[in-house]
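The values are calculated or read from the model by the stated rules, or taken from the named source; none is laboratory data. None of these values were measured; they are calculated from a predicted model. Here the Cβ is made from the backbone with ideal geometry for all residues, glycine too, and neighbour counts use every protein chain on show.
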Amino acid sequence: MKILVLNAGSSSCKYKLFDMTDQSVLCQGLVERIGDPATGNLTHKIAPDTDKEEKIVREKVYPTHNEAIRDVIDLITDSKKGVISDIKEIAVIGHRVLHGGAYLTAPVLVNDEIKKTIRATFPLGPLHNPANLTGIEVAEKLFPGVPNVAVFDTAFGMKMPKEAYTYALPQDICKELQIRRYGFHGTSHTYLVHRGAAYMHKDLKDFNCITLHLGNGSSLGCVKGGQCFDTSMGLTPLEGLIMGTRCGSIDPAIVPYLMQQKGMSTEEVDTLMNKKSGLLGLCGKTDLRDIHKLASENDENAKLAESMLIRSIKKTLGAFFFLLEGKVDALIFSAGIGENDNIVRAGVVAGLEGLGIKMDAKKNETRSGDERTISADDSRVAILVIPTNEELQIALTSQEVLNASKK
Ligand code: ADP
């Protein structure tokens, strides 16, 4: 079975075509600067990350996603360099959709009703959902007869208990506006939980873990019996940890204070908290490699940013560890920072030996792209590094939804 995964952004579109017989990637690519009247470009890789990898780059103007995806079809079905001969070979297209709102609680086969509901959630995901829906609509047009599945980044969090997802605000307003904790990076957390359980030879229903998706955007997942029990992000991806450019959780009263004292508009405060805060606001850099370098040169702001980031992760980890009453099988580190940054990983678990969490310093410092254990042999809680693979998870989920629809 061949499955195409599409992630349509406002000016970009990422795609990956899987052969599900062995989960190999036949091709993948990225179209950038869609809608830019001056220039755009498409980078297409055949058999990526293998010794047969081949790269094709097209530079041209892509006025809309329609022209971009048309070119993608052109490349994947090309008579010489194509990886399939007809788009009908694609069994299903899986789309990443950021926000499902309160009503789209699980991945679903797209129909007119679903599209209407996605449109109704635009206010909850104003930057992503319109583009995600455009991707679906263009795919419906350009791949006639191929079913589309919407995979929501919020779906993982929809299994949380009520006391985890409810905000202590007047409940009539919450209901009216679909205000609740949703959580994001759901596709990544789902992948990590499944891989973690398989790695530890545990039944998913008996598996408790804390997933640490630490990238430019970061969130922690608290997982009980294989399902989301709590998560650090909220109504939007702004809540929770300190991130690259997001402030994470702050006293909400800072918002009206800023608006009153600086005369800032809602958009300005939103931009300040989402784009100018976090590591960037603390030390002027977002990439931890730069921050570690500055910190090693004794830059005070970088040192503060480093220790605040670690503290913010540790604090949430502690909360989730307590929610699980210490019955934790594994801590699973993932994404750009989680997979690569041994300084952050070491800092987060430092001093937790008494709780049964003990790192093997050497294993932690060894670089690898593989799934691996970095805890000491006598650590009660396993510490794992699992490279995330959101596209593969979308493909797997889409396959499941398609198969279920045929029953
Ligand atoms: P996104 O949330 O945009 O998908 P990523 O998961 O790619 O982000 O994570 C990006 C962050 O990961 C970078 O800002 C950087 O801090 C960190 N990172 C990536 N590679 C490394 C590395 N080799 N060593 C340390 N940190 C890294």
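Some values worked out for this structure:
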item: One residue from Asp370, Asp377 being farther than 19 Å from His185 by Cα, more than 16 Å from the ligand (Cβ to nearest atom) and at pLDDT 95 or above; result: Asp377
item: Those residues of the stretch 251-268 which are assigned to a helix (DSSP H, G or I) and either among the hydroxyl-bearing types (Ser, Thr, Tyr) or surrounded by fewer than 16 Cβ atoms within 10 Å (Cβ to Cβ) (or both), in sequence order; result: Ile254, Pro256, Tyr257, Leu258, Met259, Gln260, Gln261, Lys262, Thr266, Glu267, Glu268
item: Residue, surrounded by the most Cβ atoms within 10 Å (Cβ to Cβ), within the stretch 151-176, restricted to residues that are in contact (Cβ under 8 Å) with a residue 40 or more places away in the chain and of a type in the set (A, V, I, L, M); result: Val151
item: Residue list for the stretch 235-251, restricted to those being more than 14 Å from the ligand (Cβ to nearest atom), farther than 10 Å from Asn274 by Cα and hydrophobic (A, V, I, L, M, F, W, C); result: Leu235, Ile250
item: Criterion violated by Glu67 - all others in (1) in a loop (DSSP other than H, G, I, E, B); (2) out of contact with any helix residue (DSSP H, G or I) (no Cβ under 6 Å at 6 or more places or on another chain) satisfied; result: (1)
item: Qualifying residue in the stretch 133-150 (condition: crowded, with 17+ Cβ neighbours inside 10 Å, in contact with a Phe, Trp or Tyr (Cβ under 7 Å, 6 or more places away or on another chain) and at pLDDT 95 or above); result: no
item: Helices (runs of 4 or more DSSP H) (entirely within the stretch 116-180) containing at least 1 residues that are under 19 Å from His65 (Cβ atoms); result: 129-142
item: Subset of the stretch 73-101 (residues that are in contact (Cβ under 8 Å) with a residue 12 or more places away in the chain, surrounded by fewer than 16 Cβ atoms within 10 Å (Cβ to Cβ) and part of a loop (DSSP other than H, G, I, E, B)); result: Lys81
item: In the stretch 12-43, the residues that are surrounded by fewer than 16 Cβ atoms within 10 Å (Cβ to Cβ) and in contact with a helix residue (DSSP H, G or I) (Cβ under 8 Å, 6 or more places away or on another chain); result: Gln23
item: Count of the stretch 1-11 residues which are surrounded by 18 or more Cβ atoms within 10 Å (Cβ to Cβ) and outside any strand (DSSP E or B); result: 1
item: Residue check for Asp71: farther than 26 Å from Asp153 by Cα, in contact with a strand residue (DSSP E or B) (Cβ under 8 Å, 6 or more places away or on another chain) and not aliphatic (A, V, I, L, M); result: yes
item: Among (1) away from the ligand (no atom under 16 Å from the Cβ); (2) out of contact with any His (no Cβ under 9 Å at 6 or more places or on another chain); (3) without any contact (Cβ under 8 Å) to a residue 40 or more places away in the chain - the single one Lys202 does not satisfy; result: (3)
item: Scope the stretch 269-288; condition part of a helix (DSSP H, G or I) and within 10 Å of the ligand (Cβ to nearest atom); matching residues; result: Leu279, Leu288
item: Every residue from the stretch 310-324 that is more than 18 Å from Gly221 (Cβ to Cβ) and either in contact (Cβ under 8 Å) with a residue 60 or more places away in the chain or surrounded by 17 or more Cβ atoms within 10 Å (Cβ to Cβ) (or both); result: Ile310
item: Hits in the stretch 183-210 (condition: among the charged types (D, E, K, R) and in a loop (DSSP other than H, G, I, E, B)); result: Lys202, Asp203
item: Filtered residues of the stretch 289-300 (kept if buried (at least 16 other Cβ atoms within 10 Å of the Cβ) and away from the ligand (no atom under 11 Å from the Cβ)); result: Leu294, Ala295, Asp299
item: So Leu192, is it touching a residue at least 24 places away in the same chain (Cβ under 8 Å), within 16 Å of the ligand (Cβ to nearest atom), in contact with a strand residue (DSSP E or B) (Cβ under 8 Å, 6 or more places away or on another chain) and not polar (S, T, N, Q); result: yes
item: Within the stretch 211-234, considering residues that are within 15 Å of the chain's Cα centre (by Cα) and part of a loop (DSSP other than H, G, I, E, B), the one farthest from the ligand (Cβ to nearest atom); result: Gly234
